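Peer 1: What follows is a single structure, and I will ask about it in a moment.
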There are 4 protein chains.
Amino acid sequence: MNFGSDNLYGASTPVLEALIAANDGALAGYGGDAITKRVEEQFCALFERRVRVFLVATGTAANALALSACVPPWGMTICHAESHINNDECGAPEFFGHGAKLAPLPGVGGKITADAAEAYIKGLSKASFQMPVHAVSLSQVTEAGTLYTLDEIAMFGAVCREHKLSLHMDGARFANALVALNTTPAEMTWKRGVDILSFGASKNGCLAAEAIVVFDEALATELEYRRKRSGHTLSKGRLLAAQFEGYLGNDLWLNNARHANAMTKMLATGLAALPGVRLPWPAEANELFPILPKQIDAALRDAGAFYYPWQSRSLPEGVHVGADEVMIRLVTSFATKQEEVEQFIGVAKAAAI
Amino acid sequence: MNFGSDNLYGASTPVLEALIAANDGALAGYGGDAITKRVEEQFCALFERRVRVFLVATGTAANALALSACVPPWGMTICHAESHINNDECGAPEFFGHGAKLAPLPGVGGKITADAAEAYIKGLSKASFQMPVHAVSLSQVTEAGTLYTLDEIAMFGAVCREHKLSLHMDGARFANALVALNTTPAEMTWKRGVDILSFGASKNGCLAAEAIVVFDEALATELEYRRKRSGHTLSKGRLLAAQFEGYLGNDLWLNNARHANAMTKMLATGLAALPGVRLPWPAEANELFPILPKQIDAALRDAGAFYYPWQSRSLPEGVHVGADEVMIRLVTSFATKQEEVEQFIGVAKAAAI
Amino acid sequence: MNFGSDNLYGASTPVLEALIAANDGALAGYGGDAITKRVEEQFCALFERRVRVFLVATGTAANALALSACVPPWGMTICHAESHINNDECGAPEFFGHGAKLAPLPGVGGKITADAAEAYIKGLSKASFQMPVHAVSLSQVTEAGTLYTLDEIAMFGAVCREHKLSLHMDGARFANALVALNTTPAEMTWKRGVDILSFGASKNGCLAAEAIVVFDEALATELEYRRKRSGHTLSKGRLLAAQFEGYLGNDLWLNNARHANAMTKMLATGLAALPGVRLPWPAEANELFPILPKQIDAALRDAGAFYYPWQSRSLPEGVHVGADEVMIRLVTSFATKQEEVEQFIGVAKAAAI
Amino acid sequence: MNFGSDNLYGASTPVLEALIAANDGALAGYGGDAITKRVEEQFCALFERRVRVFLVATGTAANALALSACVPPWGMTICHAESHINNDECGAPEFFGHGAKLAPLPGVGGKITADAAEAYIKGLSKASFQMPVHAVSLSQVTEAGTLYTLDEIAMFGAVCREHKLSLHMDGARFANALVALNTTPAEMTWKRGVDILSFGASKNGCLAAEAIVVFDEALATELEYRRKRSGHTLSKGRLLAAQFEGYLGNDLWLNNARHANAMTKMLATGLAALPGVRLPWPAEANELFPILPKQIDAALRDAGAFYYPWQSRSLPEGVHVGADEVMIRLVTSFATKQEEVEQFIGVAKAAAI
């Protein structure tokens, strides 16, 4: 019963097999190899247009590189106050951005609104003592396991066009969002105004593989240099590319995400039915954040369940974690087994009053 | 006949097998896993003392992170003018070092001398308009395929102690140097004054695995943050750690390096015997840089040999590449086959007058 | 009736005279001159201990340099959300700090509390994905014209000692705070735990003169390099030093501040007596932020008064600016004339219902 | 007899008078004042076209800001190995440029050639592991006191156009160069391809006043932010602007430079006539670097003369400083008195054999 994170398991079998298959033979270095080129073409097909793709090994690198290409060192990126880029990357956006700043906005369930973003921009002075906003970053899935609807993304797209900003999507859990919304990569991104995307794969079946997908060709030259100088251009490019071949082939990525989401749905349904258990937000993808009576938490820990306690300043108005309660984070992945979920619910149920 | 680089091939079989073996099961993220801890212990044993180890995916990251821990943003690192950090990492040392500068010195055969380093330091003003030197970086193997002797390293160690500098070793080809000098990791590093080491493995049998080996415990906390903020802390730490288990186990790394060096030695012997072929420096590890008559170069290209033409400003006094000649770089690796070498020499021999 | 800012006027007469007096003769460059040395000694006397002093031309430079010496690029500085460093310096702290981050806390009247700072620190993970706090920065006077009491400063000092943080004071209006609290430079700073101070003078009678006052000798070498590489070491050091001689001599700085504060006090008393006028916070130094009926604002504008409308998210609980009201900022300085104040109050009074 | 530097004296009288005249009255802050605007117009007239002007207090700030606007963090600027930006600004170009690198070229008499610059560019790989050149920086006057002719500048302009580079001129001694070449500001800059200029005034009669003169309007917005975030936007803009009014008015700047150059010419003529004294380069502006017998040096020191000993790696082929010789740097300025020069020559003459 390990619901600690979606990075606890190794590679999905087809990803590992692709790695093994790609091991033999001489290939050009630094991403000049045939596998990388094939993956680039695959991304173009996936997004139904010409895109530029930069493979890197970590989501932090993908996010920080993407933002650095959108925002000058004296500019700001609007994001949610509890976003990964703001809290969990040890200042990578500020490092890669040479001091570029994040403008964190509050918002229920890990989501900000296009209106709040616009109001923030309008509240700034145009004078040079205040840093101008150059980008908005949305996490899809959010840190609260919620989703932006296509319409909501489009509203951010419109604000960004209006104010000449770039729209970045942190898609560390892109596949989970995609299958939850039952849409296509194109619809969830550039057709709604997204300019640059961190396309995550490590959490959903790879070992270490992320893609910066760029819808603006003009940024490509710059990103090539930025990636190299940050040490993120692998000499043996096949390592990243092969993982993506395994990941994108035969809909593995979508199937993995569907499984993870289904496991969370099952957890959500089972837990929500228990007396005293509340879900502050809907569990829309592969994470849920139940507020539990402490005795259920204790029973689960005793039974060997692993997960993290959680805190959030983006609870809905009026929702509080009581003195006898605890809020926890449960994450499911491609590797989560249905039996684990059933056992978890069973233990919780037995402990509920 | 591919002598283009030592990064053209995938993983050595035992490295791939270690990756496969490490794939199953839940493991703590971000390097908190048991495999990473085992590898850290292995490094301590290897270096015969307590060391701190930071695994990363690229040599550029290893070098730039290591230097950034030694040199403040207003400081300089003395290095060879043709070193990898100065020419081939797109400014990564300057990026990670926040503007810290490289002070490039000339030197025959890719080597600088401790005397030249000391003279450079003494020639600087102590006033704050000149950046003070805080580190010296040696490449072992150098970019010219040559080696620093243990005594030479010790002389740099002494200069660094005297002037309170850190001594960094870029060991992208550490194993090749080690077996060529027939010495131990401890003797070639901290026992001669090296403070921090980029321990390369990608070129010699891994896919993407480098270790920053730190002999000064005080630098460890800082490096943890620096690695994370640069996006070089992998969430699934097993990817890097497993490669190292495969690499360091059963002397694979030493055997791979011995093979690569032997292939270069065979090439050197074969080519040096041909009329019109000169080696500007001894081929001490797994690279050689012959100066060839153009007709030999043409014959080799025609026969399908792959390698890069080369230029260097560190040729010995009096050695020039003539109008009818070309200087080339040949690199051998764990994957180089003896037949390739024999074929190469055969073609060259047939083309020699 | 110009209450726009305290940087609208040139130099106080004795400051200008000191500049003129210092103009003749050859002096060593880059702060090596006798006037700079005299000023350094004067600061030691003023603070009743050995201090290191770095003169610069702007408050932004003083703040950003001071913070950069306290916080590594992966660290954070706690400050008020509406502090000058967070909102009005175009990211200078992030630039000089190489991506170091500000952790903005809310707080009524521009003030944060030591308790809130400590709670924030305790809420952070110790893991390397979160940036650790390395400093707290207090503005004394705050951006809301309020003051930290000596006891409040001491509480921050205690938190900083406990958590091994540096305590910075942004004293752009240091003199105004000092005379308002009727205390000494030593009591308001290092005796309460302040480690480094931006000692402002430009707003209170100089043209461009600020001093970084360092209570920790260890930071001095570093700051020398940091100042030079940021272009803030003037070749003709006498420009800054002479201003300070004029400023600190004959208690000019204290008298200027007393005058400015008295003018604000007069404004506050006069305005607070009018129906419909409210002061959200006490006017403790040389700024006040009345909330006025719009018709008073209009009458003042018509009469030629100059000042800025203001917005703040740090109004006390329950205080709002109504639809018929406007909040404004009034700043007085050494150059403010009593007649201006009287005229201003007169116009407001006539317009009040 | 003080020939130490041209920053040893205060302001030229008309500059001081302009400062005094500008002191009274309320003026808009941050360069929004009328004096700054007048100075901007004056620069347009001076350069016979629309230019954008950014006033700052130091030459280091002017150079580093100018270069940062031309070169991305992964780009390089070609400059002379002994240029001020490379050796004497404590890494300011690297700091403001976020790690952008200087590519130092050798060259006799402090001058590089357009051919050498072009050869350097052509020798670089186009691949992303090597930093591309984005700018060339020329010092006019050079650090060796020599000048680029108008034709030489034009040749750099052509290379920069061809390779899409920016051409920067470090004009710390712009006026000295201008009167020496007997040309106009326009002819010496944009008409020869210069894109951005550091227009120095501090050394030639101001206290602290430099102007970044931009011939490319597109760079203006960016520079506004860059200046502010580096702490170089003075709140009381009149301080810098008034100095320039005094400096540019009544040809003060040109007359000051003519005087300084004439004093150097007199020194050069007098010294060159002495047995054993050599000038390695022509003394074209206000600095000269004689190689003297040690006994002359000793006699001058004994007589109270002040100047710095000098070293250079850009001596002409075959010129060496002998064991009994010393090379020195003599700098004259607007404040140098003819009697000092005559006395200096007299002492030297008496000491010559």
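Peer 1: Right, D:Arg301: among the basic types (Lys, Arg), surrounded by 18 or more Cβ atoms within 10 Å (Cβ to Cβ) and over 28 Å from D:Thr149 (Cα atoms) or not?
Peer 2: no
Peer 1: Quick one: count up the residues across the stretch C:1-22 that are outside any loop (DSSP other than H, G, I, E, B), within 11 Å of chain D (Cβ to nearest Cβ) and open to solvent by less than 40 Å² (accessible area, probe 1.4 Å).
Peer 2: 4
Peer 1: Okay, next question. Applying the selection to the stretch D:211-239, what residues are open to solvent by 10 Å² or more (accessible area, probe 1.4 Å) and either more than 10 Å from chain C (Cβ to nearest Cβ) or under 25 Å from D:Asn286 (Cβ atoms) (or both)?
Peer 2: Those that are open to solvent by 10 Å² or more (accessible area, probe 1.4 Å) and either more than 10 Å from chain C (Cβ to nearest Cβ) or under 25 Å from D:Asn286 (Cβ atoms) (or both): D:Phe215, D:Asp216, D:Glu217, D:Ala218, D:Leu219, D:Thr221, D:Glu222.
Peer 1: Keeping to the stretch D:58-74, report how many residues are small (Gly, Ala, Ser), in contact with a His (Cβ under 7 Å, 6 or more places away or on another chain) and facing another protein chain (nearest Cβ under 8 Å).
Peer 2: Result for the stretch D:58-74: 1.
Peer 1: Could you count how many residues in the stretch C:145-197 are small (Gly, Ala, Ser) and closer than 19 Å to C:Ala117 by Cα?
Peer 2: 5
Peer 1: Of the residues that make up the stretch C:147-158, is at least one within 14 Å of chain B (Cβ to nearest Cβ), more than 21 Å from A:Leu105 (Cα to Cα) and either touching a strand residue (DSSP E or B) at 6+ places or on another chain (Cβ under 9 Å) or open to solvent by less than 40 Å² (accessible area, probe 1.4 Å) (or both)?
Peer 2: So far as the stretch C:147-158 goes, no, none of its residues is within 14 Å of chain B (Cβ to nearest Cβ), more than 21 Å from A:Leu105 (Cα to Cα) and either touching a strand residue (DSSP E or B) at 6+ places or on another chain (Cβ under 9 Å) or open to solvent by less than 40 Å² (accessible area, probe 1.4 Å) (or both).
Peer 1: Still on this structure: Would it be correct to say that B:Gly31 is over 30 Å from B:Met263 (Cβ atoms) and touching a helix residue (DSSP H, G or I) at 6+ places or on another chain (Cβ under 9 Å)?
Peer 2: Yes, satisfied.
Peer 1: Being open to solvent by less than 40 Å² (accessible area, probe 1.4 Å), closer than 24 Å to D:Asn255 by Cα, within 14 Å of chain B (Cβ to nearest Cβ) and in contact (Cβ under 8 Å) with a residue 40 or more places away in the chain is the requirement here; does D:Ala172 meet it?
Peer 2: Against the criterion (open to solvent by less than 40 Å² (accessible area, probe 1.4 Å), closer than 24 Å to D:Asn255 by Cα, within 14 Å of chain B (Cβ to nearest Cβ) and in contact (Cβ under 8 Å) with a residue 40 or more places away in the chain), D:Ala172 qualifies.
Peer 1: Output the residues belonging to the stretch A:55-100 that are more than 15 Å from the chain's Cα centre (by Cα), closer than 11 Å to A:Ala135 by Cβ and part of a strand (DSSP E or B).
Peer 2: Scanning the stretch A:55-100 gives A:Met76, A:Thr77, A:Ile78.
Peer 1: Looking for something part of a loop (DSSP other than H, G, I, E, B) and either among the hydroxyl-bearing types (Ser, Thr, Tyr) or in contact (Cβ under 8 Å) with a residue 24 or more places away in the chain (or both) - is there at least one such residue anywhere in the stretch D:239-260?
Peer 2: Checking the stretch D:239-260: not a single residue is part of a loop (DSSP other than H, G, I, E, B) and either among the hydroxyl-bearing types (Ser, Thr, Tyr) or in contact (Cβ under 8 Å) with a residue 24 or more places away in the chain (or both).
Peer 1: Looking at this structure, is D:Arg192 closer than 19 Å to D:Ala135 by Cα and of a type outside the set (A, V, I, L, M)?
Peer 2: Criteria met by D:Arg192.
Peer 1: Let me ask you something else. Would you confirm whether or not the stretch C:23-44 contains a residue that is without any contact (Cβ under 8 Å) to a residue 60 or more places away in the chain, part of a helix (DSSP H, G or I) and within 10 Å of another protein chain (Cβ to nearest Cβ)?
Peer 2: no
Peer 1: Then there is this: Step by step: first the residues of the stretch D:47-72, then only those that are open to solvent by 20 Å² or more (accessible area, probe 1.4 Å) and touching a strand residue (DSSP E or B) at 6+ places or on another chain (Cβ under 9 Å), then the one that is nearest to A:Lys228 (Cα to Cα). Which residue is that?
Peer 2: For the stretch D:47-72, the residue satisfying everything is D:Pro72.
Peer 1: Just one of the numbered conditions (1) more than 14 Å from chain A (Cβ to nearest Cβ); (2) crowded, with 22+ Cβ neighbours inside 10 Å is not true of B:Asn255; which one?
Peer 2: (2)
Peer 1: Checking the conditions here, which among C:Ala100, C:Ala119 is in contact with a Leu (Cβ under 8 Å, 6 or more places away or on another chain), without any contact (Cβ under 8 Å) to a residue 40 or more places away in the chain and over 28 Å from C:Lys265 (Cα atoms)?
Peer 2: C:Ala100 is the lone residue from the list that is in contact with a Leu (Cβ under 8 Å, 6 or more places away or on another chain), without any contact (Cβ under 8 Å) to a residue 40 or more places away in the chain and over 28 Å from C:Lys265 (Cα atoms).
Peer 1: Taking the stated definitions as given, is B:Thr233 farther than 17 Å from B:Ser12 by Cα and under 17 Å from the mean Cα position of the chain (by Cα)?
Peer 2: Judged against the criteria, B:Thr233 is not a match.
Peer 1: For C:Lys203, only one of the following conditions fails: (1) within 11 Å of chain D (Cβ to nearest Cβ); (2) out of contact with any Lys or Arg (no Cβ under 9 Å at 6 or more places or on another chain). What is its number?
Peer 2: Every listed condition holds for C:Lys203 apart from (2).
Peer 1: From the set of residues in the stretch D:86-125 that are among the charged types (D, E, K, R) and within 12 Å of chain B (Cβ to nearest Cβ), which is surrounded by the most Cβ atoms within 10 Å (Cβ to Cβ)?
Peer 2: D:Glu94
Peer 1: I've got another one for you. For D:Ala335, are the conditions met, namely being open to solvent by 20 Å² or more (accessible area, probe 1.4 Å), at pLDDT 95 or above and part of a loop (DSSP other than H, G, I, E, B)?
Peer 2: yes
Peer 1: I would also like to ask the following. Let me spell it out: the conditions are (1) modelled with pLDDT under 95; (2) open to solvent by less than 50 Å² (accessible area, probe 1.4 Å), and A:Glu317 meets all of them except one. Which number is the exception?
Peer 2: (2)
Peer 1: Does D:Ser125 count as closer than 28 Å to B:Asp88 by Cβ, among the hydroxyl-bearing types (Ser, Thr, Tyr) and modelled with pLDDT under 95?
Peer 2: Yes, satisfied.
Peer 1: Working only within the stretch C:304-314, note down all residues that are open to solvent by 30 Å² or more (accessible area, probe 1.4 Å) and in contact with a Gly (Cβ under 9 Å, 6 or more places away or on another chain).
Peer 2: Listed by number, the residues that qualify are C:Phe306, C:Tyr308, C:Gln311.
Peer 1: Report yes if some residue within the stretch C:134-141 is touching a residue at least 24 places away in the same chain (Cβ under 8 Å), open to solvent by 40 Å² or more (accessible area, probe 1.4 Å), out of contact with any Lys or Arg (no Cβ under 6 Å at 6 or more places or on another chain) and more than 14 Å from every other protein chain (Cβ to nearest Cβ); otherwise report no.
Peer 2: So far as the stretch C:134-141 goes, no, none of its residues is touching a residue at least 24 places away in the same chain (Cβ under 8 Å), open to solvent by 40 Å² or more (accessible area, probe 1.4 Å), out of contact with any Lys or Arg (no Cβ under 6 Å at 6 or more places or on another chain) and more than 14 Å from every other protein chain (Cβ to nearest Cβ).
The values are calculated or read from the model by the stated rules, or taken from the named source; none is laboratory data. If you're wondering where the values come from, they're calculated on a predicted model, not measured in any experiment. Quick reminder, even Gly has a Cβ in these numbers, built from the backbone with ideal geometry, and neighbours come from all protein chains shown. We work out accessible area using only protein heavy atoms, side chains counted, and drop any ligands, DNA or RNA first. Shrake-Rupley method; radii C 1.70, N 1.55, O 1.52, S 1.80 Å.
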